[in-house]
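Before any comments, here is the structure.
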Amino acid sequence: MSNNPGYKRIGGWLLAPMAYLIVTLLSVVLMLFLFSMALFVPESREYLFTNSQAFTLQWYFSVVTTLAMGLFTVAVLWQFCKRARALPKMYIIWLLCTVLLAVKAFAFSPVTDDLAVRNLLLPLLAAAVFVPYFKRSLRVKETFTE
């Protein structure tokens, strides 16, 4: 009988970070859908292109940022499913990127402080829980070996 449980599959508490990745990917897809609607609805498109250049530049920056975060999320999810050895570091970097994007939204978006704090709370909580878990967990060390 072996002391090593030999984690071959993603299971246990690792399903929570994977679910967070999937939910984030769904929110990125929804945001990209909303951005594309702004291009296809004539009133929105007219407002976007006839408004100030600063607003249009911010809109394009938001689209590019959302697209980059979506691609990064897909890459991390792919590495997660492959149980890649580099995944723990990649996931921690991904968590820090989500926190940075939430801080950016808190600092630069014209929304109320209550809404900005609520949007900042989930990435901070996820980073506070999952970073120590990915750094110290035996399950993580045993699962991501490919």
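Looking at the range 46-53, can you tell me whether even one residue there is open to solvent by 60 Å² or more (accessible area, probe 1.4 Å), within 20 Å of V23 (Cβ to Cβ) and either of a type outside the set (S, T, N, Q) or in contact (Cβ under 8 Å) with a residue 40 or more places away in the chain (or both)?
no
Within the range 73-89, track down each residue that is open to solvent by less than 50 Å² (accessible area, probe 1.4 Å) and in a helix (DSSP H, G or I).
Answer for the range 73-89, where residues must be open to solvent by less than 50 Å² (accessible area, probe 1.4 Å) and in a helix (DSSP H, G or I): T73, A75, V76, L77, Q79, F80, L87, P88.
Looking at the range 15-45, which of its residues are aliphatic (A, V, I, L, M), within 16 Å of the chain's Cα centre (by Cα) and either closer than 18 Å to A102 by Cα or exposed (fewer than 12 other Cβ atoms within 10 Å of the Cβ) (or both)?
Passing the criteria: L15, A19, L21, I22, V23, L25, L26, V28, V29, L30, M31, L32.
Of A102, A107, A128, A116, which residue is open to solvent by 60 Å² or more (accessible area, probe 1.4 Å), of a type in the set (G, A, S) and farther than 14 Å from P17 by Cα?
Exactly one residue qualifies, and that residue is A107.
Take the range 100-119 and flag every residue that is of a type in the set (F, W, Y) and over 20 Å from M69 (Cα atoms).
Answer for the range 100-119, where residues must be of a type in the set (F, W, Y) and over 20 Å from M69 (Cα atoms): there is none.
Of the numbered conditions (1) open to solvent by 50 Å² or more (accessible area, probe 1.4 Å); (2) in contact with a Leu (Cβ under 8 Å, 6 or more places away or on another chain); (3) modelled with pLDDT under 80, R9 satisfies every one except a single condition; which is it?
The single condition R9 does not satisfy is (2).
Can you pull out the residues in the range 99-143 that are of a type in the set (S, T, Y), part of a helix (DSSP H, G or I) and free of Cβ contacts under 8 Å to residues at least 60 places away in the same chain? It would help to see each step written out before you state the result.
As a first pass, look at the range 99-143 and keep what is of a type in the set (S, T, Y): 109, 112, 133, 137, 143.
Then drop every residue that is not part of a helix (DSSP H, G or I), which leaves 133, 143.
Residues satisfying the conditions do not exist here.
Looking at (1) more than 22 Å from the chain's Cα centre (by Cα); (2) under 30 Å from R9 (Cβ atoms), find the lone condition where S137 falls short.
With respect to (1) more than 22 Å from the chain's Cα centre (by Cα); (2) under 30 Å from R9 (Cβ atoms), S137 is out only on (1).
Open to solvent by 70 Å² or more (accessible area, probe 1.4 Å) and β-branched (V, I, T): does that describe V140?
Considered against the rule, which asks whether it is open to solvent by 70 Å² or more (accessible area, probe 1.4 Å) and β-branched (V, I, T), V140 comes out as no.
Tell me which of these L96 doesn't satisfy, since it passes every other one: (1) farther than 27 Å from R139 by Cα; (2) in a helix (DSSP H, G or I); (3) open to solvent by 60 Å² or more (accessible area, probe 1.4 Å).
Going through the list (1) farther than 27 Å from R139 by Cα; (2) in a helix (DSSP H, G or I); (3) open to solvent by 60 Å² or more (accessible area, probe 1.4 Å), L96 breaks only (1).
To keep it simple, each residue is scored yes or no on (1) aromatic (F, W, Y); (2) within 20 Å of A126 (Cβ to Cβ).
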residue	(1), (2)
L15	no, yes
V28	no, yes
F49	yes, no
S62	no, no
C81	no, yes
I93	no, yes
F108	yes, no
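The values are calculated or read from the model by the stated rules, or taken from the named source; none is laboratory data. Just so you know, these numbers come straight off a predicted model, no measurement behind them. Using ideal geometry, Cβ is built from the backbone for each residue, glycine included, and neighbour counts are taken over all protein chains shown. Ligands, DNA and RNA are excluded from the accessible area calculation, which covers all protein heavy atoms including side chains. Shrake-Rupley method; radii C 1.70, N 1.55, O 1.52, S 1.80 Å.
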